Amino acid sequence: MTADLLNSPPLLLLASAAASAVLALADSARAQTTAPDTLQHWAARRGLLIGVAVAPRPLRDDDAYRQLLAREFNIVTTENALKWQSIQPRPGEFTWDDADVIVAFATEHGMKFRSHCAVWHHALPDWVAALAADPPRMRQAMRDHIDAIGARYGGGMTYWDVVNEAMEDDGTLRDTPWLRGLGPDYIAEAFVAAHAAAPAVKLVYNDYGTEYPGPKSDAVYALVRDLLGRGVPVHAVGFQMHLLHGLGDTGPIKANFQRFAELGVQVHVTELDVAIQNLEGTPARKLERQADVYRRVMEICTRVEGVTVVQTWGLSDNHSWIPWFTGKPDAALLFDETYQPKPAYHAVLDVLAHDGQGPRAGDSSR
Ligand code: G3I
């Protein structure tokens with residue numbers, strides 16, 4: 001399907017122009033109808049959004065997936081459906097069907113929607129990478145791509161991961177087609193273009209391995225501070241938190257999140273999962289250890305005022321990227337393969353319901 005708003009089905013018109021109003025109405029209805037003892041019920045009382053990365057296939061054909069998602073969460077993000085390769089595999093030919101399914105589900109259930117991710121070096125078609133040799137055309141391609149996403153979903157999305165994983169572990173800018181073609185300012189250019197395309201949307205810089213202070217996190221901090229100082233619209237920093245090897249002391253993470261919050265940006269935990277393949281013990285003990293890691297991550301999120309969104313990278317263990325990535329079985333999420341809540345779910349719920357800090361100040365933008 002090509003990008004043609006005039007031919008958009010009714011749900012998509014909702015998802016563009018009128019979606020904000022629909023979502024606002026749905027929010028007020030939800031406040032009264034959200035089932036108690038769900039993650040979203042307790043998260044909302046703290047002014048937190050809690051969500052997952054979703055895929056279109058189970059939204060199309062798995063009722064149990066749909067029901068669990070709608071019951072427990074109040075935000076969804078596109079795991080793969082809005083990556084460049086997914087929506088514009090060939091120049092100017094946009095395919096929105098998968099993302100439309102996700103936006104329609106969010107709209108129908110009064111959930112917030114986050115778009116992931118516009119400018120990244122993975123899931124990038126070869127034709128885009130080749131444009132590094134022709135900077136003016138690459139710049140135009142980036143703007144056109146951002147404009148197309150903004151035109152289609154800008155009215156309905158709350159957050160947008162605009163630039164993803166631009167930093168190397170040593171704190172230098174990652175060597176990507178974007179850097180080679182456009183130079184370091186491609187990051188600022190992407191945020192400026194996204195703001196022009198979707199002025200009401202909160203724009204996010206997202207990266208992995210940045211939760212602890214260190215060269216990479218320091219570099220992201222310096223980048224965001226510089227962007228803000230130049231008036232570039234960046235509103236949140238996403239910390240992915242793919243925890244493949246457990247979790248150490250959380251004190252430094254709290255301090256790190258706090259310093260980002262003090263820059264004036266929201267702090268989001270965007271892609272949380274906790275692999276069990278490297279944890280010690282029997283299968284049952286591994287799940288207990290995993291629950292402890294989730295508990296401690298949630299305690300960071302309930303205690304650092306600037307944290308506004310927490311998302312896991314998938315709903316349940318049968319929808320996790322980790323077995324595919326590591327080549328080993330795993331079970332990194334809050335629900336098992338039959339959608340039953342795991343000890344980790346109960347730990348997260350317990351923190352949200354009972355952690356002693358009480359309700360947090362709400363954010364009117366959420
Ligand atoms: O499941 C199929 C399998 O059936 C098939 O045989 C195989 C052949 O390649 O592909 C499998 O699908 C893969 C899928 O991950 C499985 O989860 C796709 O090829 C692969 O492209 C896809 O990778 C995605 C990856 O980003 C690259 O775009 C993951 O789904 C997705 O979870 C991952 O998400 C990223 C975030 O966007 C950014 N942060 C890191 C995070 C994890 O890598």
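Just so you know, in the range 102-134 the residues that are in a helix (DSSP H, G or I) and within 16 Å of the ligand (Cβ to nearest atom) include one that is most open to solvent (accessible area, probe 1.4 Å), and it is D126.
Against the definition (hydroxyl-bearing (S, T, Y) and open to solvent by less than 20 Å² (accessible area, probe 1.4 Å)), how does Y212 come out, yes or no? No, not satisfied. Just one of L59, L68 is in a helix (DSSP H, G or I), under 22 Å from P341 (Cβ atoms), open to solvent by less than 20 Å² (accessible area, probe 1.4 Å) and within 16 Å of the ligand (Cβ to nearest atom); which is it? Unique residue meeting the criteria: L59. Residues that are within 15 Å of the ligand (Cβ to nearest atom), under 13 Å from L243 (Cα atoms), surrounded by fewer than 24 Cβ atoms within 10 Å (Cβ to Cβ) and touching a residue at least 12 places away in the same chain (Cβ under 8 Å): does the range 293-309 have at least one? For the range 293-309, residues within 15 Å of the ligand (Cβ to nearest atom), under 13 Å from L243 (Cα atoms), surrounded by fewer than 24 Cβ atoms within 10 Å (Cβ to Cβ) and touching a residue at least 12 places away in the same chain (Cβ under 8 Å): absent. Could we say that E189 is within 28 Å of V310 (Cβ to Cβ) and among the charged types (D, E, K, R) here? Here the answer is no, as E189 does not meet what is asked.
Looking for something open to solvent by less than 20 Å² (accessible area, probe 1.4 Å), more than 17 Å from T38 (Cβ to Cβ) and part of a loop (DSSP other than H, G, I, E, B) - is there at least one such residue anywhere in the range 268-287? It would help to see each step written out before you state the result.
Of the range 268-287, the ones open to solvent by less than 20 Å² (accessible area, probe 1.4 Å) are 268-275.
Keeping just the survivors that are more than 17 Å from T38 (Cβ to Cβ) gives 268-275.
Filter again for part of a loop (DSSP other than H, G, I, E, B), leaving 275.
Yes: one or more hits.
Close contacts from the range 224-248, counting a first residue that is touching a residue at least 24 places away in the same chain (Cβ under 8 Å) and open to solvent by 60 Å² or more (accessible area, probe 1.4 Å) and a second that is of a type in the set (A, V, I, L, M, F, W, C) and within 16 Å of the ligand (Cβ to nearest atom), with Cβ to Cβ under 8 Å and a gap of 6+ residues or different chains, come to H245/A275.
Figure legend. Inter-residue proximity from the range 95-108: first residues closer than 17 Å to D63 by Cβ, second residues of a type in the set (S, T, Y), beta-carbon distance below 8 Å, spacing 6+ or different chains. Indicated pairs: I102/T78. Residue under question is G51, and the condition is that it be in a loop (DSSP other than H, G, I, E, B) and open to solvent by less than 60 Å² (accessible area, probe 1.4 Å); does it hold? Judged against the criteria, G51 is not a match.
Residues are listed down the side, and each one gets a yes or a no for (1) over 23 Å from G238 (Cβ atoms); (2) at pLDDT 95 or above; (3) over 20 Å from the mean Cα position of the chain (by Cα):
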| site | (1), (2), (3) |
| --- | --- |
| A99 | no, yes, no |
| I102 | no, yes, no |
| F105 | no, yes, no |
| E108 | yes, yes, no |
| F113 | no, yes, no |
| C117 | no, yes, no |
| A129 | yes, yes, yes |
| Q140 | yes, yes, yes |
| R143 | no, yes, yes |
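Okay, residues lined up against (1) within 25 Å of R114 (Cα to Cα); (2) assigned to a loop (DSSP other than H, G, I, E, B); (3) modelled with pLDDT of 95 or more:
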| site | (1), (2), (3) |
| --- | --- |
| D170 | no, yes, yes |
| R180 | no, no, yes |
| A188 | yes, no, yes |
| A196 | yes, no, yes |
| L203 | yes, no, yes |
| T210 | yes, yes, yes |
| P213 | no, yes, yes |
| L228 | yes, no, yes |
| V234 | yes, yes, yes |
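The values are calculated or read from the model by the stated rules, or taken from the named source; none is laboratory data. In this text the structure is predicted, and so the values were computed from the model without any measurement. FYI the Cβ positions are ideal-geometry reconstructions off the backbone, even for glycines, and counts take in every protein chain you see. Ligands, DNA and RNA are stripped out before the accessible areas are found, and what is left, the full protein with its side chains, is counted by its heavy atoms. Shrake-Rupley method; radii C 1.70, N 1.55, O 1.52, S 1.80 Å.
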